Amino acid sequence: EIRRYTAELPRPYCGPLKGQEAAAWLASEPTSLAILPLRTLTGKDPIGLLVLGADDPKRFTPDIGTAFLELIASLAGAALGRLAAPAPEAA
């Protein structure tokens, strides 16, 4: 279910906990979340998630700008994509 949810995220989710499965991955239950789908530079489907939680309910809200979060997700996805890429053959 989390894979399907991630694939359908066009941009980071920012908002209240609302039973988000990914919140259970954090050490303590947050009051607000940012869930960032990670995609490689050439990939459409996400290769992972970055989950950020805060105790402040106003930290991640649906009306905040997500440009910085999208940049973080893009850089992390690109870096992970490089790790997953096959190594070049030796000449």
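Any read-out appearing in this document is the output of simple, stated calculations on the displayed coordinates, not a laboratory observation. Not measured: the values here are computed from a predicted model. Every residue, glycine as well, gets a Cβ built from its backbone with ideal geometry; the counts of neighbours run over all protein chains shown.
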Report task. With unit charges on the beta carbon (Lys/Arg positive, Asp/Glu negative), name the residue among L41, L69, Y5 whose Cα is farthest towards the positive pole of the charge dipole of the chain. Result -> L41
Query raised in the report: Which whole-number percentage describes the relative contact order of the chain, with Cα contacts under 8 Å and a sequence gap of 6 or more?
Result: 29
